[in-house]
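Presented below is the structure to which this report refers.
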Amino acid sequence: SKTTCVGVSALTWAATTAGFKFMAVSPTLYQSEQMYQILVELIENHRIERFVWKIISKPYPKIVLKHSGIGTSSLEFMSAADDANRILSWEGDWINIDEAGLLDNLDDTIVRLGTRLRGTVHGRARLGRLSLTTNPHVNPQLYYRFDLGEDNPDEYLSMKVSTRSNKNITDDQLKALINRI
């Protein structure tokens, strides 16, 4: 559900904001492709489909929107391999790191990706949003980042969402999850 919510939000920004660029980054390309697949399925036969210019799967997944009101906007899906060292010269509005708790060098990845959120396009400043979504993995860098939201709420936002909030999970599935844990 976290992945879907972020993806739909990014798709909405892309459909309504001139020159908007979003990147979904995950520890593996496979994980990043999960958001891509969800969005491709949601786009099909939905009225937003009229704004979708291209859906690209290779060499990396990308959804491109194009219409007279926004020009061209894009959503790209990449791996954070090598601490995101391969993501160079990209400039955009929003990067979401999915399953951030699985990254061994989360701080280095945040520094590298955070520098990509800059510039202006079509006379507007880029959004400059860096978000992290994850399950609760043992990762001191992740917990440090989470605590920033509690200690400095004017600059950071941290949220905990219970599995019970996921309306796609039945009571029996939730019980089975709890029993396994």
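Restricting to lysine pairs 8 or more places apart or on different chains, what number in the range 1-76 have Cα atoms under 15 Å apart?
Value for the range 1-76: 5.
Please give the per residue accessible area of the chain, computed with a probe of 1.4 Å over protein heavy atoms only, in Å².
On the way: 10880 Å² over 181 residues.
Accessible area per residue, the chain: 60 Å².
Using a probe of 1.4 angstrom, how much of the accessible area of the chain is carbon and sulfur, in percent? Spell out each step's value before the answer.
Working: 5560 of 10880 Å².
Solvent-exposed carbon and sulfur of the chain make up 51 percent of the total.
Per DSSP helix of 4 or more residues, -39500 (n - 2.57); summed, then divided by the residues of the chain. What does that give at 222 nm, rounded to the nearest 500? Can you show the working numbers first?
Values: 5 runs with 61 residues, N = 181.
After summing the helix terms and dividing by the residues of the chain, the value is -10500 deg cm²/dmol.
Only Cα pairs within less than 10 Å get springs; with that Gaussian network setup on the chain, which residue of GLU155, GLU76, GLU41 has the largest fluctuation?
Taking springs between Cα atoms under 10 Å, the residue moving most is GLU155.
Which residue fluctuates the most in the chain, going by a Gaussian network model with Cα springs under 10 Å, if the choices are LEU132, LEU42, LEU142?
Sorting by GNM fluctuation, first place goes to LEU42.
Just to be sure I understand the model, the point goes 7 Å from the Cα along the line to the Cβ. What's the resulting THR4 to SER162 distance in nm?
Calculated label separation equals 2.0 nm.
For the chain, rounded, prolate or oblate, judged on the Cα gyration tensor with a ≥ b ≥ c (square roots of eigenvalues), a/c < 1.5 rounded, else prolate if a/b > b/c?
Here the chain falls in the oblate category.
With only alpha-carbon pairs counted, each pair once and no self-pairs, how large is the Kirkwood hydrodynamic radius of the range 61-105 in angstroms?
12.6
Return a whole-number percent for the relative contact order of the chain, with Cα pairs under 8 Å and 6 or more residues apart as the contact set. List each step's numbers first, then the result.
Values: 278 pairs, mean separation 38.1, N = 181.
It rounds to 21 percent for the chain.
When Lys and Arg each count +1 and Asp and Glu each count -1, what net charge do the other residues less than 14 Å away from SER89, Cβ to Cβ, add up to?
Computed value for this residue: +3.
Volume per residue, Å³, of the convex hull around the alpha-carbon atoms of the range 23-106?
That works out to 100 Å³ per residue.
Take LYS66 and LEU177, extend 7 Å from each Cα along the Cα→Cβ direction, and tell me the distance between the two endpoints in nm.
If labels sit at LYS66 and LEU177, their model points lie 4.0 nm apart.
The values are calculated or read from the model by the stated rules, or taken from the named source; none is laboratory data. These numbers were taken from a predicted model, which means no experiment stands behind them. Heads up, the Cβs are rebuilt from the backbone with ideal geometry, glycines too, and the neighbour counts pull from every protein chain shown. Side chains are part of the model used for accessible areas, which takes the heavy atoms of the whole protein and leaves out ligands, DNA and RNA. Shrake-Rupley method; radii C 1.70, N 1.55, O 1.52, S 1.80 Å.
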